[in-house]
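The values are calculated or read from the model by the stated rules, or taken from the named source; none is laboratory data. Quantities reported herein were computed from a predicted structural model and do not represent experimental measurements. Cβ placement follows ideal geometry from the backbone for every residue including glycine, while neighbour counts extend to all protein chains displayed. The area values use the complete protein model at the heavy-atom level, side chains included, leaving out ligands, DNA and RNA. Shrake-Rupley method; radii C 1.70, N 1.55, O 1.52, S 1.80 Å.
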Amino acid sequence: MKICGFQKTTLLDFPGHVAATVFLGTCNFRCPFCHNSQLLGSDAASLFTENQILTLLSKRKNILEGVCITGGEPTLSLDLESFIKKVKDLQLSVKLDTNGYQPSVLKSLGHKGLLDYVAMDIKSSPENYSMTAGCSNLNLDYIQESIDYLKQGNIPYEFRTTVVKGLHTEDDFEKIGPWIQGASNYFLQSYVESDQVLSPGFGSYSKEELLAFARLVEPYVGCVQLRGVDY
């Protein structure tokens, strides 16, 4: 397992929990707006061993309530299941961030009761998914399988889209709503430029524009909210 980063405390990454965040390396997407670009390639530097992270978590388990496992794309790590089991042995809840392209891994972890919350990215409308994910010829059946599994409601979950001016338009949200119809929670996150963005130069939409996009999805989803935007 390639552990490329660790945040000892976060109040944002795992809703309702005081958590730590573990960043795993490598990803099967190349989203041009990715703000963790240093984690994408096979050459991403591993900064911690599994035992180091488990020791840190053990020392802080009286403070922490959970651990967010993010990336990169965590479901590509072959040791993910065994690592999660060790985190659960510390009596900590586990949130998984995923792009949903490994539905078999997601389902396996869910069926074994190893996940307490899942945040799955919805990169764009089906028509623009490959462009927004930075990968040609994506098999959207994998994304659909993960969407359908989470919508069964066996695990608390959310869908989320990072909204990028230059990649997303009103048309995308008109199509995302029907695509994820019946979902419980959907968040729109505003794109923020940083030094770590894979392909800098994109823009952000205003709060009013984001709210307009949210209204397009609201008829189809239980709760639609903006995240990281002051109301």
Within the bounds of the stretch 153-160, is there any residue that is under 16 Å from the mean Cα position of the chain (by Cα), charged (D, E, K, R), farther than 16 Å from Arg215 by Cα and modelled with pLDDT of 95 or more?
yes
When you check Gln91 against the structure, is it part of a loop (DSSP other than H, G, I, E, B) and surrounded by fewer than 20 Cβ atoms within 10 Å (Cβ to Cβ), yes or no?
yes
Applying the selection to the stretch 34-76, what residues are touching a helix residue (DSSP H, G or I) at 6+ places or on another chain (Cβ under 9 Å), surrounded by 20 or more Cβ atoms within 10 Å (Cβ to Cβ) and modelled with pLDDT under 95?
Ala44, Gly71, Gly72
Can you confirm whether the stretch 135-144 contains a residue that is out of contact with any Asp or Glu (no Cβ under 6 Å at 6 or more places or on another chain), among the hydroxyl-bearing types (Ser, Thr, Tyr), closer than 21 Å to Ser104 by Cβ and open to solvent by 70 Å² or more (accessible area, probe 1.4 Å)?
yes
On the given criteria, is Gly100 at pLDDT below 95, open to solvent by less than 30 Å² (accessible area, probe 1.4 Å), of a type outside the set (A, V, I, L, M) and at positive phi?
no
Restricting attention to the stretch 85-105, and to residues there that are more than 21 Å from Glu50 (Cα to Cα) and not aromatic (Phe, Trp, Tyr), which single residue is farthest from the chain's Cα centre (by Cα)?
Ser104
Output the number of residues of the stretch 86-122 satisfying the condition of being closer than 26 Å to Arg60 by Cα, out of contact with any helix residue (DSSP H, G or I) (no Cβ under 6 Å at 6 or more places or on another chain) and of a type in the set (Ser, Thr, Tyr).
2
State all residues of the stretch 111-152 that are more than 18 Å from Cys27 (Cα to Cα) and part of a helix (DSSP H, G or I); if no residue qualifies, say none.
His111, Pro126, Glu127, Asn128, Asp141, Gln144, Glu145, Ile147, Asp148, Tyr149, Leu150, Lys151
